[in-house]
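The values are calculated or read from the model by the stated rules, or taken from the named source; none is laboratory data. A quick note: this is a predicted structure, and the numbers were derived from the prediction, not measured. No Cβ is skipped: glycine too gets one built from the backbone with ideal geometry, and neighbour counts run over all protein chains shown. Just so you know, the surface numbers come from the protein's heavy atoms only, side chains and all, with ligands and any DNA or RNA stripped out. Shrake-Rupley method; radii C 1.70, N 1.55, O 1.52, S 1.80 Å.
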Amino acid sequence: MNESTIGRNYAEALLTLAKKSGDVEQWGALLDAIAAAMRDDKTLRSFIESPKLAASHKIAVLQNALVERVPRLFLRYIETVVQKRRQMLIPAIATEYQALIDESENRLHANVTVARETTEPEKDALARQLSRMLGKRVVPHITQNPAILGGLIVRVGDTVMDGSVRKRLSVLKQRMLASQRS
């Protein structure tokens, strides 16, 4: 089994527990924080991934660090992941967990590139328009790139919708060059 399949299985188990506790989003944020800490902190990553350290030692350290900060059931879940020697998969589990939440919430994430800074009402209108077009609730992640000149570029998964002025000018140029050749 590959990392993503195993991560998905663990994420499904966590989602079941989170639904029982009634705080699916908070548990996702907690798991994301642990995954980010593992990615960003080399010392933590070395500690967590070290095959030389016993799982019981890792669990004791994690309990001391997390016991006051996370729900007891969440901590038990993390302990189980470490006990099963799957702690290296926590970032993959976090990614899969967020994907499961998105599926259950009928939600998509869209990377949107704009030429200039957008206001909150513009962001809300963009989210509504994309949601209507795609038939799911869309969460736009907006980045600014003045090189597109105007309009926007939307990426949802493998689909790219390029409505930038730069693209339109390029298409117009190609048409004009083609008509001159004819």
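Considering the range 147-179, and only residues there that are in contact with a helix residue (DSSP H, G or I) (Cβ under 7 Å, 6 or more places away or on another chain) and open to solvent by 100 Å² or more (accessible area, probe 1.4 Å), the residue that is nearest to E117 (Cα to Cα) turns out to be L149.
None of A33, A37, A29, A11 is free of Cβ contacts under 8 Å to residues at least 40 places away in the same chain and touching a Leu at 6+ places or on another chain (Cβ under 7 Å) except A37. Of the set (1) in contact (Cβ under 8 Å) with a residue 12 or more places away in the chain; (2) of a type outside the set (G, A, S); (3) out of contact with any strand residue (DSSP E or B) (no Cβ under 8 Å at 6 or more places or on another chain); (4) not in a helix (DSSP H, G or I), all apply to E68 but (1). Taking the range 56-109 as the range and being open to solvent by 20 Å² or more (accessible area, probe 1.4 Å) and of a type in the set (S, T, Y) as the test, the residues that pass are S56, T80, T95, S104. If you go through the range 127-146 and pick out every residue that is open to solvent by less than 90 Å² (accessible area, probe 1.4 Å) and either under 18 Å from the mean Cα position of the chain (by Cα) or within 18 Å of D102 (Cβ to Cβ) (or both), you end up with 12.
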